[in-house]
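Peer 1: Quick one: this structure, given as C-alpha cells, is what I'll be asking you about.
The values are calculated or read from the model by the stated rules, or taken from the named source; none is laboratory data. Quantities reported herein were computed from a predicted structural model and do not represent experimental measurements. All Cβ positions, even for glycine, are placed from backbone atoms using ideal geometry, and neighbour counts span all protein chains on display. Heads up: the accessible areas ignore ligands, DNA and RNA and are worked out on the full protein's heavy atoms, side chains in. Shrake-Rupley method; radii C 1.70, N 1.55, O 1.52, S 1.80 Å.
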Amino acid sequence: MHVLILGGTTEARRLAELLADEPLPGLRVTNSLAGRVASPRLPPGEVRVGGFGGADGLADWLRAHAVDVLIDATHPFAGTIGFHAARAAATAHVPLLALRRPGWVPVEGDLWHEAGSLEEAAALLPALGRRILLTTGRMGLAAFAGLDELWFLVRSVEAPEGPRPARMEILLDRGPFSLDGEREVLRRYRIDVLVTKDSGGAATAPKLTAAREAGLPVVVVRRPPVPDGVSVVDEPGRAVRWVREAYEGRPLPGE
C-alpha cells in the first residue's frame, strides 16, 4: 500500500513518524514537500520536493506511482493545494483525507477582529493602532504595502519578497515561541496590534496570550475552507487509523 502525504507541517511529520512505526507489511509512505523553506526538517520515509504542476499533474503522479491513499496535511492556509488534491484524488479515484490542526478559539479577555483575507485585515488596521506585529508569513505583504502611516514588525522564517510596507523591520525567527519571549517582543517594539492567521496549534499560540495580557487588539485571518466532500481529521493519530482502515479494506468516509 502506497500513502502519499502532502506535508510540510508539524502534523505531517508526526503522521509520517507514526506510520513508520505501524506494523503493516508492505506499507510505503512518500512525503511531498513544497520546497518553499530552504532547510526543512525531513520526515521519515521517502521524500520528494517540489510541485506537481497543478491538479492534473498531481493526478498523473498518483497514477504513475500507484498511490492508494492521499493525505493532505499541508498548512491550513495552503488553500490552493487543498483544492488541487481534491480534484486530483477524484480524477485518479484515490481516497483523500485532510489533516488539519484545530483552529484557535477566543477566550475571555481576547480582543479579536476577524478578517476573511489579508486585504480585509489590512483595511482594519488604521482604526486599531500604529505599530503592528505582522505574523502572517513572508508571502502576501503586498496587502499591507499601502499603509504608509503604520509601522510593521514582520516576523517570518525567511526574508519576505515582493511589495511590502514602506515602514517596517524584519524579524527572522521560527517557532515554537515562548510566552516570555512574546511578551518581550511586544514590549521591546511597542506593539499595539497583532495580526495573525488562524494557523492553530501550540507552537505560535503564546502570542495570543501575550496580546490578551497586554490588552491589545488581534486581527485574526480566517482559514480557507476544506473542499466540499473531503473527510477531515484534526490530529495525526486519527489519520493513522484512517490509513489502517484503508489498508484492511474497510469502507472509508465518503465511499
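Peer 1: Identify all residues within the range 134-155 that are open to solvent by less than 10 Å² (accessible area, probe 1.4 Å) and not in a loop (DSSP other than H, G, I, E, B); write none if there are none.
Peer 2: Leu134, Leu141, Phe144, Phe152, Leu153, Val154, listed by residue number.
Peer 1: Given the structure, is Ala55 without any contact (Cβ under 8 Å) to a residue 60 or more places away in the chain and surrounded by fewer than 22 Cβ atoms within 10 Å (Cβ to Cβ)? Give the steps one after another, and end with the answer.
Peer 2: Working: without any contact (Cβ under 8 Å) to a residue 60 or more places away in the chain: yes; surrounded by fewer than 22 Cβ atoms within 10 Å (Cβ to Cβ): yes.
Here the answer is yes, as Ala55 does meet what is asked.
Peer 1: Can you name the number of the only condition in (1) open to solvent by 20 Å² or more (accessible area, probe 1.4 Å); (2) touching a helix residue (DSSP H, G or I) at 6+ places or on another chain (Cβ under 8 Å); (3) not assigned by the TED database to the domain that holds Thr10 that Gly229 fails?
Peer 2: The one condition Gly229 does not meet is (3).
Peer 1: If you take the residues of the range 179-200 that are part of a loop (DSSP other than H, G, I, E, B) and under 16 Å from the mean Cα position of the chain (by Cα), which of them is modelled with the highest pLDDT?
Peer 2: Step one: filter the range 179-200 for residues part of a loop (DSSP other than H, G, I, E, B), giving 189-192, 198-200.
Next, only the ones that are under 16 Å from the mean Cα position of the chain (by Cα) stay: 198-200.
On the way: Asp198: 94, Ser199: 88, Gly200: 90.
By that ranking, first place goes to Asp198.
Peer 1: Let me ask something else. Being assigned to a helix (DSSP H, G or I) and under 21 Å from Ala239 (Cα atoms) is the filter here; which residues of the range 81-101 pass it?
Peer 2: First pass over the range 81-101, keeping only residues assigned to a helix (DSSP H, G or I): 81-92.
Ile81, Gly82, Phe83, His84, Ala85, Ala86, Arg87, Ala88, Ala89, Ala90, Ala92, listed by residue number.
Peer 1: If you don't mind, another one. Can you go through Arg130, Arg87 and tell me which one is more than 15 Å from the chain's Cα centre (by Cα), charged (D, E, K, R) and not assigned by the TED database to the domain that holds Gly162? Outline the logic, then answer.
Peer 2: On the way: Arg130 fails: not assigned by the TED database to the domain that holds Gly162.
Of the residues listed, the single one that is more than 15 Å from the chain's Cα centre (by Cα), charged (D, E, K, R) and not assigned by the TED database to the domain that holds Gly162 is Arg87.
Okay, residues lined up against (1) within 23 Å of Ala78 (Cα to Cα); (2) touching a Gly at 6+ places or on another chain (Cβ under 6 Å):
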{"residue": "Leu141", "(1), (2)": "yes, no"}
{"residue": "Ala145", "(1), (2)": "yes, no"}
{"residue": "Phe152", "(1), (2)": "no, no"}
{"residue": "Ser156", "(1), (2)": "yes, yes"}
{"residue": "Asp173", "(1), (2)": "yes, no"}
{"residue": "Glu182", "(1), (2)": "no, no"}
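Peer 1: Evaluate the range 237-254: report whether one residue or more is open to solvent by less than 20 Å² (accessible area, probe 1.4 Å) and under 28 Å from Ser117 (Cβ atoms).
Peer 2: Checked the range 237-254: no residue is open to solvent by less than 20 Å² (accessible area, probe 1.4 Å) and under 28 Å from Ser117 (Cβ atoms).
Peer 1: While we're here: Enumerate the pairs (first residue in the range 17-33 and in contact (Cβ under 8 Å) with a residue 24 or more places away in the chain and not assigned by the TED database to the domain that holds Gly45; second residue anywhere and exposed (fewer than 15 other Cβ atoms within 10 Å of the Cβ) and assigned to a strand (DSSP E or B)) with beta-carbon separation below 9 Å, excluding pairs fewer than 6 apart on the same chain, so at least 6 apart or on different chains.
Peer 2: So the pair list comes out empty.
Peer 1: Additional query: Looking at Ser199, Ser178, can you tell me which residue is outside the structural domain of Thr9 (by the TED database), more than 16 Å from Trp112 (Cβ to Cβ) and polar (S, T, N, Q)?
Peer 2: On the way: Ser199 fails: more than 16 Å from Trp112 (Cβ to Cβ).
Of Ser199, Ser178, the one residue that is outside the structural domain of Thr9 (by the TED database), more than 16 Å from Trp112 (Cβ to Cβ) and polar (S, T, N, Q) is Ser178.
Peer 1: Now a separate question. Would a scan of the range 201-223 turn up a residue that is in a loop (DSSP other than H, G, I, E, B) and over 30 Å from Phe152 (Cα atoms)?
Peer 2: no
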